[in-house]
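Data block below; observations after.
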Amino acid sequence: MRKFILVFFIIFSGCKATKTLDLKSTVKKISTNFLVEKTENNKSAFDYLVFRSQTSFVENGSKNQFNLSFRIKKNDKILISGSLLVPLFKGLLTKNEVLFYEKLNRSFYKGNYDYISSLLNYDFNLESVQNLILGNPINDFNKKRLTQKKSQTNYVLSSYDRKKKLSYTYTIDPLSFALIQQKISSANGNYFLVNYSNFKKVKGVKFPQTIQISSLNNKKKVEIVMKNKLTKVNDNVSFPFKIPNGYKKINL
């Protein structure tokens, strides 16, 4: 039961860029403001997305694999279904609620984003979860004080939240201005790291076909690798979700 919940929550939860540069070369120097503008402009415009994912999940040396299906209505809701030959679990994220049920133990969860936030050491909401899945910066760059770090192969932006004592680092491909890595880390060694690669453009939407997630929280490490395939763009799709009768509510 706990493993299904961890997969569901963390998905929200060695990288390479789409193109590479000669390691001996140095990226062209540009202003931080221009870099922020180019990265923000690189976000894809859409209303609906549907994609499938073959996902492997490793926790404390134990590995599991799932087939996942995602439906996204931009800035409104995300529906996730998990299966392994047979349906295993289903979850729905909205602006105010996180709903989840799993079939093996006939149980369900209904709450907010507090559990995700405590698990991953960041205050998540629907938009930040959506950004993580799509390869966009988890934070709104316009609301952060960003500095540019020196790098010979990529552009790197960083910021620090003094109140939460968290550091944010964003690695950006110098040719496509795609975000290829973002990391949230704390002074106590906890971190949440996401790598994006193998971008493909479908109907104007640039989508990472490979997402690698690594999370360390209180010495507990979780690794997830998602192999994605975008199947529908801007087709108006339904979001069927209903907790079955007789399921037992759990608290997290």
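Looking at Gln152, Gln148, can you tell me which residue is assigned to a loop (DSSP other than H, G, I, E, B) and over 28 Å from Ser238 (Cβ atoms)?
Answer to the check: Gln152.
Restricting the stretch 231-252 to residues that are assigned to a strand (DSSP E or B) and β-branched (Val, Ile, Thr), which is nearest to Leu88 (Cα to Cα)?
Among those residues, the one meeting the criterion is Thr231.
Can you name the residue in the stretch 98-127 that is outside any helix (DSSP H, G or I) and of a type in the set (Phe, Trp, Tyr) and is also modelled with the lowest pLDDT among such residues?
Tyr122
Considering only the stretch 56-88, state which residues are assigned to a strand (DSSP E or B), of a type outside the set (A, V, I, L, M) and within 18 Å of Asn112 (Cα to Cα).
Lys77
Is it the case that the stretch 66-75 has a residue that's at pLDDT below 95, closer than 12 Å to Ile243 by Cβ and in contact with a Gly (Cβ under 8 Å, 6 or more places away or on another chain)?
No, the stretch 66-75 contains no residue that is at pLDDT below 95, closer than 12 Å to Ile243 by Cβ and in contact with a Gly (Cβ under 8 Å, 6 or more places away or on another chain).
State yes or no: is Gln130 within 25 Å of Ile224 (Cα to Cα) and part of a helix (DSSP H, G or I)?
It is true that Gln130 is within 25 Å of Ile224 (Cα to Cα) and part of a helix (DSSP H, G or I).
From Lys165, Lys144, which residue is basic (Lys, Arg), surrounded by 13 or more Cβ atoms within 10 Å (Cβ to Cβ) and closer than 21 Å to Ser117 by Cβ?
Criteria check complete, one pass: Lys144.
Any idea how many residues of the stretch 217-230 are in a strand (DSSP E or B), surrounded by fewer than 17 Cβ atoms within 10 Å (Cβ to Cβ) and of a type outside the set (Lys, Arg)?
1
Would you please list the contacts, defined by Cβ atoms under 9 Å and residues six or more apart or on different chains, that run from a residue in the stretch 153-167 that is farther than 18 Å from Thr32 by Cα to a residue that is aromatic (Phe, Trp, Tyr) and part of a strand (DSSP E or B)?
Final answer for the pair search is Asp161/Tyr168; Leu166/Tyr160.
Give the number of residues within the stretch 176-200 that are in a strand (DSSP E or B), polar (S, T, N, Q) and over 19 Å from Gln130 (Cβ atoms).
4
Test of understanding: among Ser53, Ser44, which residue is small (Gly, Ala, Ser), part of a loop (DSSP other than H, G, I, E, B) and surrounded by 15 or more Cβ atoms within 10 Å (Cβ to Cβ)?
Ser44
The values are calculated or read from the model by the stated rules, or taken from the named source; none is laboratory data. No experiment lies behind these values; they were computed from the predicted model shown. Because the Cβ atoms are built from the backbone with ideal geometry, glycine has one as well, and the counts that use them run over all protein chains shown.
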